[in-house]
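Quick notes on the structure that follows.
Please treat every number below as a calculation from the coordinates, not as lab data. Just so you know, these numbers come straight off a predicted model, no measurement behind them. All Cβ positions, even for glycine, are placed from backbone atoms using ideal geometry, and neighbour counts span all protein chains on display.
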Amino acid sequence: MADPVIRLSDAHLTLQGNAGPVPILRGLSLQVERGETVGLVGPSGSGKSSLLMLMGGLERATGGLVQAMGQDLTALDEDALARFRLSHMGVVFQSFHLIPTMTA
Ligand SMILES: Nc1ncnc2c1ncn2[C@@H]1O[C@H](COP(=O)(O)OP(=O)(O)O)[C@@H](O)[C@H]1O
Ligand SMILES: [Mg+2]
């Protein structure tokens, strides 16, 4: 059978805050198969955006496994992640991130 599109196993994301490490995602496991449509719901601040950042290769997990299309994203450096996003990921952000001084 084909690799799942996304597979997380015991994924952790801990960020460094001013007052020390902040655990954002603590041991998250999830599998999304080809052709599946998934809705991610939860209260504000529960970690939805952080999870999408991990799955999209925009943020690297600080522990556990994050696989996308069979590729281990935790093993890729910044350049390899950028190439991965270029070929496999489309992200529509909540904010448009346009450059206000430019018209095109
Ligand atoms: N860069 C960051 N540094 C520190 N804490 C962060 C950072 N980004 C998000 N957080 C915290 O992580 C938690 C989850 O945030 P987020 O993934 O944006 O949740 P959601 O998208 O579900 O509203 C929140 O408590 C938020 O304050
Ligand atoms: Mg969010």
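Just need a number here: residues in segment 28-45 that are assigned to a strand (DSSP E or B) and touching a helix residue (DSSP H, G or I) at 6+ places or on another chain (Cβ under 6 Å). Spell out the reasoning first.
As a first pass, look at segment 28-45 and keep what is assigned to a strand (DSSP E or B): 28-32.
Filter again for touching a helix residue (DSSP H, G or I) at 6+ places or on another chain (Cβ under 6 Å), leaving none.
Residues that pass the stated criteria total 0.
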Pairing a residue in segment 8-19 that is farther than 19 Å from residue 33 by Cβ with any residue that is in a strand (DSSP E or B) and of a type in the set (S, T, N, Q), where Cβ atoms lie under 9 Å and the two sit 6 or more apart in sequence or on different chains, gives 10/29
The residue from 87, 50, 95 that alone is free of Cβ contacts under 8 Å to residues at least 12 places away in the same chain and within 16 Å of ligand 1 (Cβ to nearest atom) is 95
If you go through 46, 87, 50, the only one that is farther than 20 Å from residue 14 by Cβ and of a type outside the set (A, V, I, L, M, F, W, C) is 87
Scanning segment 46-104 residue by residue, those in contact with a strand residue (DSSP E or B) (Cβ under 7 Å, 6 or more places away or on another chain), more than 22 Å from residue 27 (Cα to Cα) and not in a helix (DSSP H, G or I) turn out to be none
Residues in segment 30-63 that are of a type outside the set (Lys, Arg), more than 16 Å from ligand 2 (Cβ to nearest atom) and over 22 Å from residue 2 (Cβ atoms) total 3
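Just to be sure, is residue 25 in contact with a Ser or Thr (Cβ under 8 Å, 6 or more places away or on another chain), within 16 Å of ligand 2 (Cβ to nearest atom) and either under 23 Å from residue 82 (Cα atoms) or not in a strand (DSSP E or B) (or both)?
Working: in contact with a Ser or Thr (Cβ under 8 Å, 6 or more places away or on another chain): yes; within 16 Å of ligand 2 (Cβ to nearest atom): yes; either under 23 Å from residue 82 (Cα atoms) or not in a strand (DSSP E or B) (or both): yes.
Spelling it out, residue 25 is indeed in contact with a Ser or Thr (Cβ under 8 Å, 6 or more places away or on another chain), within 16 Å of ligand 2 (Cβ to nearest atom) and either under 23 Å from residue 82 (Cα atoms) or not in a strand (DSSP E or B) (or both).
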Expected single match for of a type in the set (Ser, Thr, Tyr) and within 16 Å of ligand 1 (Cβ to nearest atom) among 37, 62, 101, 74 is 62
